[in-house]
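No value in this document is a laboratory result; all are computed from the given coordinates. Everything quoted here is computed from the prediction, not taken from an experiment. Because the Cβ atoms are built from the backbone with ideal geometry, glycine has one as well, and the counts that use them run over all protein chains shown.
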Protein chains: 2
Amino acid sequence: MADVDDLLAANAAFYAAFEARDLDAMSEIWSHEDHVACTHPGWATLRGWGAVASSWFALFQGEAAMQFILTAVAAHVEGDVGWVTCDENLLAGSQAQTVAATNAFVRAGGTWRLVLHHGSAVVGA
Amino acid sequence: MADVDDLLAANAAFYAAFEARDLDAMSEIWSHEDHVACTHPGWATLRGWGAVASSWFALFQGEAAMQFILTAVAAHVEGDVGWVTCDENLLAGSQAQTVAATNAFVRAGGTWRLVLHHGSAVVGA
């Protein structure tokens, strides 16, 4: 289960960087390859680290601080690829929203790096 | 590129089964493991083949026939895991909608099987 534990730690680090609005930490967590992909809720899919990094920069500038409570966290490892699905229960000021998230990581040199994030608002949640 | 070609063929077969509303074909395409996950637009994430299969059954009963035109298709293979991101340009009757999709597959015995589907409506598209 060490594989899954490490993967879950990488997933937790992603949300810690998101909460802290820490672009340097986000940059450490993501792979910087051209094939990385990020789909924010309601957005078209962004591809490549340049576009993905720009989106985090914009989100961190524009939005109120957010707190994430993760529920229904499920992780699976297949070779050097691992993915986590979870519910992001978001609190931002007086707003609450649940986002269903998929996060995929690739392990290189013993470190899991994020290669794909997909979030979508859960209607009625 | 044979890996990617096979992966793209599996992705195309998924959309062919979706268009045809063919539950048997969908069952062939998906892995039947407990860890498979499916997030339809606006839905909470479903986990395990039983829950995922039930959702396709319900969608195939209830909805008008849909046509998919896929654009911005990008595929990546890492060992025996491959994933495809694409835009599903959906035509259903007089309705049109773009859904950003992530599809992840695991290769076993030379066959790519779907283990994760995540779709989210693109706002304003």
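The table below gives the values:
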{"item": "Computed over chain A: relative contact order in percent, which uses C-alpha pairs under 8 Å that are six or more apart", "result": "25 percent"}
{"item": "Fewest-first ranking of A:THR98, A:THR71, using other Cβ atoms within 10 Å as the exposure measure", "result": "A:THR71, A:THR98"}
{"item": "Rg to Rh, two decimals, where chain B supplies the alpha carbon set and Rh follows Kirkwood", "result": "0.94"}
{"item": "A:TRP30, B:TRP112 arranged by Cβ crowding within 10 Å, fewest neighbours leading", "result": "A:TRP30, B:TRP112"}
{"item": "R0 of 22 Å, Cβ-Cβ distance A:ALA65-A:ASP24: FRET efficiency to nearest 0.05", "result": "0.80"}
{"item": "Charge dipole (chain A, unit charges on Cβ, about Cα centre) - positive-most of A:THR98, A:TRP43, A:LEU8", "result": "A:TRP43"}
